Amino acid sequence: MQFNSPNDINALIEQGFDLVEHAADPVVALRRQYPGGLLIPLHRHSRTQFLYARSGVALVATERGRWMIPPDHALLIPRGIEHRVEMFSGVEMQSVYMRDYEHSDYPCVLSVNELTRSLLAEVVKLQKPDKNDERSGLLFDLLMHEITRLPVRELGLPFPEKPSLAVLCKEFLKAPDPAASIDNWAQRLSMSRRSFTRLFRAQTGVSFVMWRQQACIFASLPKLASGESITSVAFDTGYESAAAFTTMFKRMLGASPRDYMRQQAGNAE
């Protein structure tokens, strides 16, 4: 189902909310096709949501941070967390809402394997387990089991609450620089290096170096998904060469940009 107007979006939210919140079944699965540029406004669910982008790139924002969902990845959103979703490109979204799934208080990005992709393709056709169909129940049970085994990818990008630090983080996203230094940021905030590193970790939950690496990869994914060359993306995200960018990309995601995007394209077919 595709939605292109504000009225369609409102109908989608109401329809999905009613189905997810009022279903007696422990698991509900939905499939949606969204156009690029679409923004689904703030909402929340009483169930943990496994939000999977089969194709395209989406961004989920909460008060606790922003999470990029590149192709062939999913975001696990704990129940009760208010969030909005922005489509960076056309996105095929498959979501599973789990009543009894326990998770931490923070969303996390998961890498989705072939078995999970196949199971998702089946359960979104069913939407809910059929008590009269043994196969239906087995598919949902196996999917739930596989979700607990998926590896976490460090693609979340937490944002600080402190306004002065948040400004620097937002500026960085507009012009990523893998050489940005702790000393420079500390100086801009009139802080010592030690005080800055403590503040940054307290505000974001990660070190400055880890956040910087995540932010550069975060900024590169929509560009790669839109078809830009690796060299162009490398320079746009502040790297001096495609080789340096490829090295960091492979360290973060386990594959070179070319292999990674080729894999995603193959998975979406």
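The values are calculated or read from the model by the stated rules, or taken from the named source; none is laboratory data. Quick caveat, the model's predicted, so the values are computed rather than measured. Heads up, the Cβs are rebuilt from the backbone with ideal geometry, glycines too, and the neighbour counts pull from every protein chain shown. For the accessible areas, the whole protein counts, side chains as well, though only heavy atoms, and no ligand, DNA or RNA atoms are used. Shrake-Rupley method; radii C 1.70, N 1.55, O 1.52, S 1.80 Å.
Its residues counted as N, the chain yields a C-alpha radius of gyration over 2.2 N^0.38 Å of 1.05.
For region 115-269, the Stokes-Einstein estimate of translational diffusion at 25 °C and a viscosity of 0.890 mPa s comes to 134 µm²/s, using the Kirkwood hydrodynamic radius over alpha-carbon pairs.
Per-residue SASA remark: residue 152, around 80 Å² accessible (1.4 Å probe; ligands, DNA and RNA not included).
Considering only 230, 172, 260, the residue lying farthest towards the positive end of the dipole of region 130-262 is 172, judged by Cα position with unit charges set on Cβ. Converting phi to 3J(HN,Hα) with the Karplus coefficients 6.51, -1.76 and 1.60 and the offset θ = phi - 60°, region 138-150 yields 5, 4, 5, 5, 5, 4, 4, 5, 5, 4, 5, 9, 6 Hz in sequence order, with x at every glycine or proline.
Inverting the mean 1/r over all pairs of different Cα atoms, compute the Kirkwood radius of region 184-269 and quote it in Å. Across region 184-269, the inverse of the average 1/r is 14.4 Å. Under a 5 Å amide H cut-off, with hydrogens placed 1.01 Å from N, residue 157 pairs with 66, 67, 68 among residues at least 5 apart or on other chains.
Using the Cα atoms as the points, what is the convex hull volume per residue of region 164-226 in Å³?
Looking at region 164-226, the number lands at 76 Å³ per residue.
Rounded to the nearest 20, the Cβ-based charge dipole of the chain about its Cα centre (Lys and Arg +1, Asp and Glu -1) stands at 900 debye. Percent of Cα pairs in region 22-144 per distance bin of 10 Å, from zero to the largest separation: 14, 46, 34, 6, 0. Applied to region 15-26, the Karplus parametrisation 6.51 cos²θ - 1.76 cosθ + 1.60 on θ = phi - 60° returns per-residue 3J(HN,Hα) values of 5, x, 4, 4, 5, 5, 7, 9, 5, 7, 6, x Hz, with x for Gly and Pro. Shape summary: region 123-171 maps onto an equivalent ellipsoid whose semi-axes, from the alpha-carbon gyration tensor, are 43, 12, 8 Å in decreasing order. Cα convex hull, region 88-182: 161 Å³ per residue, rounded to a whole number. Dipole of the chain computed with +1 at Lys/Arg Cβ and -1 at Asp/Glu Cβ about the Cα centre; of 42, 118, 184, farthest Cα towards the positive end is 184. When 122, 92 are compared by accessible surface with a 1.4 Å probe, the order from highest to lowest is 122, 92.
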